[in-house]
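For reference, the structure discussed in these notes is given below.
Just so it is clear, none of the values below were taken in a lab; they were calculated from the coordinates. None of these values were measured; they are calculated from a predicted model. A quick note on method: Cβ atoms are made from the backbone with ideal geometry, for glycine too, and the neighbour counts reach across all protein chains shown.
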Amino acid sequence: SMVLLGHKNGFPVFDVDWTRNGRTLLSAGGDGTVRLWDTQAVGPYGKLSNVMQQKSGPIGNTSKHAGGATATSLNTVMVPGDKPEPMVEIGGAALAVYQGHAPSTPVWSVSSAPCGYYFASAGSDYTARIWATDRCTPIRILSGHISPSVNCVAWHPNCNYVVTASDDKTCRMWDVQTGRCVRLLSGSTRGLNLVRVSPSGRYLAGAGYDNVVRMWDLGNGRMVNEFRASSPHDSSAFCDGLIQSMAFSTCGAALAVAGEDCAMRIWDVRGAGSHLSNPDYFAATRGPTATSSISDGFARVVTPSQLERLPANEQFRPGTRVPSRVFKTNGVSVLDVKYTKRNLLLAVGNYFA
């Protein structure tokens, strides 16, 4: 393992993101900076991380070997349990420090562009900013949110847009070339703390402090769906804590949501845009032959009697779905989730022994 030290004054690191090359890492901290790290080098001068030092050896002799531990020979005195130690320096593998957000304000989120070279950050100074890795000052300032806390930033798959979520109850989509807001996505009753774009680039999902995940169509800016754990009258809803993580599957068919309620919920989001929570779609399909997308993601024709047997949250607000899968943890809140390229879902939580 490697410890990267560099953020100042003991402030926490709020977000990290890998760059496209899989070697360098971006971190956003409470000290108001974004830092770029090389995970295969250590020290301020980039010494190789596989340089090892063998503490024990022939009496009176300490041997070093570049590229690994010293080979064992017949005259080597080995101490049981003794292991080679990496020559890690305190400074960490810091390559660059990016300062541009307002002084003494935290940077909440950082996201690397899928194409590489560019990245975006969001902070508690009303703005998000776009950077290039070879410049220490921002190249675009995205200003328009009316709440100081811009909580999350994410890239559109085509790299021409970034999206942000804020405490002002809106998500916004920004044109990278001009820095202008091109979509204002409203409808949340409380502030939004997470935002993700589907792999197709058509839909955006935002999680709010009201523990509801809303989905918007980026083509027209209209909210087309809401995902709730269950009916507001059901005790199994997101009521025990904040939604802390959210991720689309690589294929775009599933949306995983987890948080402080010690559970992971997965929704099938295929066909989520043509759903009864879309007012136009609801008005056109409501009736004896109403079409309802249930949790399997496909449209079905249902009779009035079948409509009465829909899940509780479908009856509360037609079009909202129950999750297709729910995984409970052993009393551990989930801090982050991530899908791999093979659609394997990884999760990390805070476990206290």
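Evaluating 6.51 cos²θ - 1.76 cosθ + 1.60 at θ = phi - 60° for every residue in the stretch 243-251, the Karplus couplings come out as 6, 10, 8, 7, 7, 7, 5, 4, 7 Hz, glycine and proline recorded as x. For the stretch 116-201, a simple Cβ point-charge model (Lys and Arg +1, Asp and Glu -1, everything else neutral) yields a dipole of about 140 debye relative to the Cα centre.
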